[in-house]
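Trainee: Have a look at this one.
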Amino acid sequence: MRFYYDLHLHSCLSPCGDDDMTPYNLVNMAALLGLDIIALTDHNSSLNCPAALAAADKAGVLLIPGMELCTSEEIHVICLFETPDGAAEFDRYVSSRLPDIANRPEIFGNQLIMDSGDTVTGRVVPLLINAADISVMDVTALTGAYGGIAFPAHIDRPAYSILSALGDIPPDCGFTAAEISARPQNKIPALKKNHPALMDFLILSNSDAHSLGNMKEKNAWIDLPERSSSAVISAIKKSGNYTGFDG
């Protein structure tokens, strides 16, 4: 079955995310855009995932709890988890590996924790956009220990990507998928030619939206036997070419 997805979305918990990118708003915008599956992947935190999960249940959208981890090499990696408990446990580990530097909301933006009704229930004090003391070489095994999967984000960008930082994707990383941020149909052949490690990868395209206006209408799809977090994670683990794009 074909499901339309966006597996890289930020809420108002990310300091660079708009304050109106609340769990309720982003889930219901996803429903309006025709998306079947989304993931909430705030910078170095999954604290807004419980609220987003509750909102998604009502909106009829499958939400996968996740995080955009910034590794010690300053590489952004999307981490997705089968269960909220796995995401929460991973969140606690990542929090312990972040530098003790406080956020300055007037410079970086707010880091708001909300409930499913968009009431602010707290604020994260440590700045969430810093690099965690976790190497990209360890992310696959680490997320697997919490029932999750990981793939490098926006590999076609000149900053915070595995290709810009390392020049290629080391096989020892254990990744089986990668994300391309824009115009994937045009970029995939050249990327695979220049980086043979990508040849058998599952190539995903997500919006990386930090505001409601940056969320994209359904375009990227994945074939799955069912609409579930476990099916998405299983598909990413197997790699392969069962994704595509309309148009």
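Trainee: Quick check on my filter: what residues within region 122-137 are open to solvent by 30 Å² or more (accessible area, probe 1.4 Å) and within 26 Å of ALA55 (Cβ to Cβ)?
Mentor: ARG123, VAL125, PRO126, ILE129
Trainee: In the list THR140, THR119, which residue meets the criterion of being open to solvent by 60 Å² or more (accessible area, probe 1.4 Å) and either touching a strand residue (DSSP E or B) at 6+ places or on another chain (Cβ under 7 Å) or not small (Gly, Ala, Ser) (or both)? Full working, then the answer.
Mentor: Details: THR140 fails: open to solvent by 60 Å² or more (accessible area, probe 1.4 Å).
Answer to the check: THR119.
Trainee: Does ALA102 fit the bill of being closer than 22 Å to ILE37 by Cβ, hydrophobic (A, V, I, L, M, F, W, C) and touching a residue at least 24 places away in the same chain (Cβ under 8 Å)?
Mentor: Numbers: closer than 22 Å to ILE37 by Cβ: no; hydrophobic (A, V, I, L, M, F, W, C): yes; touching a residue at least 24 places away in the same chain (Cβ under 8 Å): yes.
No; evaluated as a whole, the condition is false for this residue.
Trainee: If I go through region 21-38 residue by residue, how many of them are among the hydrophobic types (A, V, I, L, M, F, W, C) and in contact (Cβ under 8 Å) with a residue 60 or more places away in the chain?
Mentor: Kept after step one, since they are among the hydrophobic types (A, V, I, L, M, F, W, C), are these residues of region 21-38: 21, 26-27, 29-33, 35, 37-38.
Add one more test, that the residue is in contact (Cβ under 8 Å) with a residue 60 or more places away in the chain, and what stays is 21, 26, 29-30, 33, 35, 37.
Summing the residues that are among the hydrophobic types (A, V, I, L, M, F, W, C) and in contact (Cβ under 8 Å) with a residue 60 or more places away in the chain in region 21-38 gives 7.
Trainee: Charged (D, E, K, R), farther than 30 Å from SER230 by Cβ and without any contact (Cβ under 8 Å) to a residue 40 or more places away in the chain: which single residue out of ASP168, ASP172, ASP156, ASP138 fits that description? Quick ask: steps written out before the conclusion?
Mentor: Details: ASP172 fails: farther than 30 Å from SER230 by Cβ; ASP156 fails: farther than 30 Å from SER230 by Cβ; ASP138 fails: farther than 30 Å from SER230 by Cβ.
It is ASP168.
Trainee: Oh, and also: Of all residues being part of a loop (DSSP other than H, G, I, E, B), open to solvent by 20 Å² or more (accessible area, probe 1.4 Å) and of a type outside the set (Lys, Arg) in region 212-224, which is nearest to THR22 (Cα to Cα)? Just the residue, please. So that I can check it myself, show each step before the final result.
Mentor: Taking region 212-224 first, the residues part of a loop (DSSP other than H, G, I, E, B) are 215-219, 224.
Cutting the leftovers down to open to solvent by 20 Å² or more (accessible area, probe 1.4 Å) gives us 216-219.
From what's left, of a type outside the set (Lys, Arg): 217, 219.
Working: GLU217: 18, ASN219: 23 Å.
Across region 212-224, the extreme among qualifying residues is GLU217.
So that you can scan it fast, the table gives a plain yes or no per residue for (1) without any contact (Cβ under 8 Å) to a residue 24 or more places away in the chain; (2) under 25 Å from LEU33 (Cβ atoms); (3) under 17 Å from the mean Cα position of the chain (by Cα):
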{"position": "GLY144", "(1), (2), (3)": "yes, no, yes"}
{"position": "ILE180", "(1), (2), (3)": "no, yes, yes"}
{"position": "LYS192", "(1), (2), (3)": "yes, no, no"}
{"position": "PRO196", "(1), (2), (3)": "yes, no, no"}
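Trainee: Quick one: count up the residues across region 42-60 that are open to solvent by less than 10 Å² (accessible area, probe 1.4 Å) and farther than 18 Å from PRO15 by Cβ.
Mentor: 2
Listed here are the residues, each with its yes/no results for (1) more than 13 Å from the chain's Cα centre (by Cα); (2) within 23 Å of ARG123 (Cα to Cα); (3) of a type in the set (D, E, K, R).
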residue	(1), (2), (3)
ALA52	yes, yes, no
ALA56	yes, yes, no
ALA59	yes, no, no
LEU62	yes, no, no
MET67	no, yes, no
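Trainee: Next question, about the same structure. Working only within region 16-56, note down all residues that are assigned to a strand (DSSP E or B) and either of a type in the set (Val, Ile, Thr) or farther than 18 Å from ALA220 by Cβ (or both). Explain how you work it out, then say what you get.
Mentor: Within region 16-56, the subset assigned to a strand (DSSP E or B) is 37-40, 43.
Of everything in region 16-56, those that are assigned to a strand (DSSP E or B) and either of a type in the set (Val, Ile, Thr) or farther than 18 Å from ALA220 by Cβ (or both) turn out to be ILE37, ILE38, HIS43.
Trainee: Under the condition of being open to solvent by 30 Å² or more (accessible area, probe 1.4 Å), touching a helix residue (DSSP H, G or I) at 6+ places or on another chain (Cβ under 8 Å) and not polar (S, T, N, Q), which residue from region 64-87 is farthest from ASP138 (Cα to Cα)?
Mentor: The extreme case among them is PRO84.
Trainee: Under the condition of being of a type in the set (Gly, Ala, Ser) and part of a loop (DSSP other than H, G, I, E, B), which residue from region 161-188 is least open to solvent (accessible area, probe 1.4 Å)?
Mentor: SER161
The values are calculated or read from the model by the stated rules, or taken from the named source; none is laboratory data. Being a predicted model, the structure only gives us computed values, none of them experimental. Methodologically, a virtual Cβ is constructed for each residue, glycine included, from the backbone with ideal geometry; neighbour enumeration extends over all protein chains shown. These area figures cover heavy atoms from the full protein model, side chains too; ligands, DNA and RNA do not enter into them. Shrake-Rupley method; radii C 1.70, N 1.55, O 1.52, S 1.80 Å.
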